[in-house]
1. Looking for something over 30 Å from VAL62 (Cα atoms), of a type in the set (Phe, Trp, Tyr) and assigned to a loop (DSSP other than H, G, I, E, B) - is there at least one such residue anywhere in the stretch 231-246?
2. Would you check if SER88 is more than 28 Å from SER230 (Cβ to Cβ), free of Cβ contacts under 8 Å to residues at least 12 places away in the same chain and of a type in the set (Gly, Ala, Ser)?
3. Filter the stretch 72-117 down to the residues that are within 16 Å of VAL47 (Cα to Cα) and hydroxyl-bearing (Ser, Thr, Tyr), then identify the one that is surrounded by the fewest Cβ atoms within 10 Å (Cβ to Cβ).
4. Would you mind finding the one in GLU138, GLU122, GLU150, GLU158 that is charged (D, E, K, R), surrounded by 13 or more Cβ atoms within 10 Å (Cβ to Cβ) and touching a residue at least 24 places away in the same chain (Cβ under 8 Å)?
5. Only residues that are surrounded by 15 or more Cβ atoms within 10 Å (Cβ to Cβ) and either free of Cβ contacts under 8 Å to residues at least 40 places away in the same chain or of a type in the set (Lys, Arg) (or both): list them for the stretch 228-243, please.
6. Got a number for residues in the stretch 151-201 being closer than 19 Å to ILE220 by Cβ and of a type in the set (Gly, Ala, Ser)?
7. Conditions first: (1) outside the structural domain of GLU150 (by TED's automatic domain parsing); (2) modelled with pLDDT of 90 or more. MET1 passes all but one, so which condition is the exception?
8. Mind checking which pairs have a first residue in the stretch 202-214 that is in contact (Cβ under 8 Å) with a residue 12 or more places away in the chain and a second that is of a type in the set (Val, Ile, Thr) and part of a strand (DSSP E or B), Cβ under 6 Å, 6 or more apart or different chains?
Amino acid sequence: MKQRVILIALLSLFSLLFTGCGNRKGAVLKKVKYEKVVGDCQNDICVNINLSYFQMEGETDVANNFNALMEKMVFGKMALDSDSGNTSKEKLVENIIKDYQDFKKEFPDAATGGYEQKTDCEITYLSDNLISVKVVTEIYSGGAHSSHLEEFLNVNPETGKRKDIMDFITEKEKFSAYVEGLLRKKLKMSEKDKWSDFTFMDKFTLPENMGMTSGGLELIYNEYEILPYSEGLTVLEIDNKKLREFMKLP
């Protein structure tokens, strides 16, 4: 009997993870896929788009707001200089394909070029006060190497609009000082070392990307944000116990 109860619990968890996630306010998020391939990716440059991202079910303003934010973050990576901030996802894909076809026509023997994007998302935190979605993207649009980007989309479940993690921080100066100490330790810097001698920063700044997880807060400095590409991402973590000193947990 005990084994059967455990099995049912595991099956329920599996179903939740792979079909959708929800909170007590009724927001249900389901993962959708978008794929588009143009050209022979095995033997030539091509367009290869493979996206997995979350959408909120329903026709409410909350769902529409969330879905628009999610799609803009995922599809917006394709934006060309000629695209406006309001360009639809369909038009963004269309423009990428046209750009590739024009390039291929002008340089039929080019060994580099085209466009490849792979994006996947993970819900790292889901409560009545906050939804944190981690968006991981790999992009290649020509050149020596691809770009790897990890971002957080933090959303207010009541409105479907962006929520700033700093809104939950009650001790902002102490929080900033603590993160600065973590980063100095990570980069093996002393308290007297200048930031400009070790990073691209003239002074310490918090990362653009911070998101909640079940274990605490994850902070990400992406490629080129503070260090060269060769150094990759710089990731810091603060567990919930420590976080409570600076923050009202959402």
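1. no
2. Answer is yes for this residue.
3. Filtering the stretch 72-117 for residues that are within 16 Å of VAL47 (Cα to Cα) and hydroxyl-bearing (Ser, Thr, Tyr), the one surrounded by the fewest Cβ atoms within 10 Å (Cβ to Cβ) comes out as THR112.
4. Answer to the selection: GLU150.
5. LEU243
6. 2
7. MET1 satisfies all of (1) outside the structural domain of GLU150 (by TED's automatic domain parsing); (2) modelled with pLDDT of 90 or more except (2).
8. As it stands, the answer is PRO207/ILE220; ASN209/ILE220; GLY211/THR124; THR213/THR124, since those pairs meet every condition given.
The values are calculated or read from the model by the stated rules, or taken from the named source; none is laboratory data. Owing to the predicted nature of the structure, the values given are computational and were not obtained by experimental measurement. Methodologically, a virtual Cβ is constructed for each residue, glycine included, from the backbone with ideal geometry; neighbour enumeration extends over all protein chains shown.
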